[in-house]
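Only one structure is covered here, and it is reproduced in the block below.
The values are calculated or read from the model by the stated rules, or taken from the named source; none is laboratory data. Here the structure is a predicted model, which means the values were calculated and not measured. Every residue, glycine among them, receives a Cβ derived from its backbone with ideal geometry; neighbour counts consider all protein chains shown. We work out accessible area using only protein heavy atoms, side chains counted, and drop any ligands, DNA or RNA first. Shrake-Rupley method; radii C 1.70, N 1.55, O 1.52, S 1.80 Å.
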Amino acid sequence: MRGYQIEKNIKFEELEARLQECPEPKVGEDEVLVDVYCAGLNFFDLLQIEGKYQHKPPFPYIAGAEFSGVISASSPIPDGCDFIPGKTRVFGAGQGAYAEKIAVDYRKLLEVPNKMGHEEAAGLYVTMPTSYAGLVNRAQIKEGDWVLVHAAAGGVGLAAVQIAKAFGAHVIATASTKAKLDVCKRYGADYLVDYTKEGWQKEVQKITDGHGADIIYDPVGLVVPSLKCIAWNGRIVVVGFAGGTIEKIPANLLLLKNCTAMGVHWGAYIKNEPEAIPGVWGALLELFDQGKVKGVAFEKIFDGLESVPAGLKALGARETWGKAVVRVKKENERSKL
């Protein structure tokens with residue numbers, strides 16, 4: 001099979017040369033073999049190949065994490081697994097998504113919803129549960145809340161916009177360009193704010209009639225500026241630092257607004273709170289089925305494994321919105337309704 005095999009830490013510019021013929025992954029206990037149809041592109045994939053990410057798999061390894069695909073016709077099926085070789089469509093994450101096949105623990109896979117294609121499903125596994133756990137499990141979102149979503153045109157951002165709307169919240173989306181704000185509107189945002197303009201907090205205050213944002217969902221690093229427009233008893237959900245700076249939050253500002261700052265680290269739930277995972281995915285699958293939330297693939301699908309470097313470059317340059325996806329294999333016959 002072909003895949004991006006990494007034998008040492010490399011610069012991103014060297015990634016193209018790492019696409020090569022690789023041994024088919026060995027299937028371990030409780031694992032299945034999946035034919036990769038689409039792979040989701042993530043910024044942490046860039047960091048990993050350069051040796052800058054906290055998760056450092058032993059060399060050699062295949063790059064990439066998120067994917068969707070079909071259980072391989074030749075895959076063994078562990079006891080207790082009801083997947084059908086050659087038929088069951090699945091999505092998930094593991095080490096080695098930038099390849100034609102991947103071996104994954106079947107218990108970490110979910111079936112692709114019938115109404116969804118592989119392109120949409122490839123980017124669900126990280127973004128959707130992060131946003132659901134952040135808004136529901138952590139911030140305790142409720143109907144009527146004012147929810148300010150920063151970098152709302154990104155993968156977790158658009159997930160948060162849709163989930164907040166599904167719970168009956170008023171959603172204020174921020175982004176850096178009109179084109180990205182238009183995307184936010186398309187996916188349900190009620191109000192749009194350009195956070196690159198000085199004094200954007202006053203616009204939030206005006207939109208909420210002076211109330212402020214009950215929940216601030218921040219994957220970019222705008223917590224401190226957002227404290228100027230947070231509501232009394234507001235909740236801040238720290239998702240990440242895509243802007244590159246890890247902020248130091250002045251405790252006195254939290255005190256003055258009687259507000260709470262909290263983090264959400266979905267990847268650590270499996271170790272620290274595994275009992276919460278089925279509930280999150282159960283709720284999300286129901287929202288998918290009801291049509292209230294859907295996967296969001298960037299309008300340009302990067303076609304073929306050869307396009308992984310181009311897709312990651314566009315992602316790193318913030319030229320994409322939603323989830324950037326690489327189509328590894330075309331789906332000729334969809335099992336979706």
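Side notes on the structure shown:
- Breaking point among (1) open to solvent by 30 Å² or more (accessible area, probe 1.4 Å); (2) within 20 Å of the chain's Cα centre (by Cα), for Cys184: (1)
- Reported count of residues in the range 243-272, each being of a type in the set (D, E, K, R) and surrounded by 14 or more Cβ atoms within 10 Å (Cβ to Cβ), is 2.
- One residue from Asp303, Asp289 being of a type in the set (Asp, Glu) and either more than 30 Å from Asp182 (Cα to Cα) or free of Cβ contacts under 8 Å to residues at least 60 places away in the same chain (or both): Asp303
- Residue check, Ala324 out of contact with any strand residue (DSSP E or B) (no Cβ under 6 Å at 6 or more places or on another chain), among the small types (Gly, Ala, Ser) and either over 25 Å from Arg107 (Cα atoms) or open to solvent by 40 Å² or more (accessible area, probe 1.4 Å) (or both): yes
- A Cβ distance below 8 Å, combined with a sequence gap of six or more or placement on separate chains, defines the contacts here; from the range 224-248, residues that are over 17 Å from Tyr195 (Cβ atoms) reach residues that are open to solvent by less than 30 Å² (accessible area, probe 1.4 Å) and among the hydroxyl-bearing types (Ser, Thr, Tyr) in the pairs Ala231/Thr208.
- Candidates Gly134, Gly168 - the one that is surrounded by fewer than 20 Cβ atoms within 10 Å (Cβ to Cβ), out of contact with any His (no Cβ under 8 Å at 6 or more places or on another chain) and either under 30 Å from Pro225 (Cα atoms) or basic (Lys, Arg) (or both): Gly168
- Counting residues in the range 60-72 that are loosely packed, with under 14 Cβ neighbours inside 10 Å and assigned to a loop (DSSP other than H, G, I, E, B) gives one or more.
- Test: residue in the range 232-240 that is under 23 Å from Val161 (Cα atoms), open to solvent by less than 20 Å² (accessible area, probe 1.4 Å) and either part of a helix (DSSP H, G or I) or out of contact with any helix residue (DSSP H, G or I) (no Cβ under 8 Å at 6 or more places or on another chain) (or both): yes
- Breaking point among (1) under 14 Å from Ala122 (Cβ atoms); (2) assigned to a strand (DSSP E or B), for Lys330: (2)
- Residues within the range 80-90 that are at pLDDT 95 or above, out of contact with any helix residue (DSSP H, G or I) (no Cβ under 8 Å at 6 or more places or on another chain) and in a loop (DSSP other than H, G, I, E, B), tallied: 6
- Under the condition of being touching a Lys or Arg at 6+ places or on another chain (Cβ under 8 Å) and open to solvent by 10 Å² or more (accessible area, probe 1.4 Å), the residues counted in the range 139-158 number 2.
- Scope the range 197-219; condition surrounded by 21 or more Cβ atoms within 10 Å (Cβ to Cβ) and in a loop (DSSP other than H, G, I, E, B); matching residues: Gly212, Pro219
- Of the helices (runs of 4 or more DSSP H) lying entirely inside the range 258-323, those containing at least 1 residues that are in contact with a Pro (Cβ under 6 Å, 6 or more places away or on another chain) span 277-290.
- In the condition set (1) under 26 Å from Phe288 (Cα atoms); (2) in a helix (DSSP H, G or I), Leu46 is compliant with all but (1).
- Residue count for the range 91-109, restricted to those that are over 11 Å from Val32 (Cα atoms), in a strand (DSSP E or B) and of a type in the set (A, V, I, L, M, F, W, C): 3
- Odd one out for Val308 among (1) at pLDDT below 95; (2) within 21 Å of Phe91 (Cα to Cα): (1)
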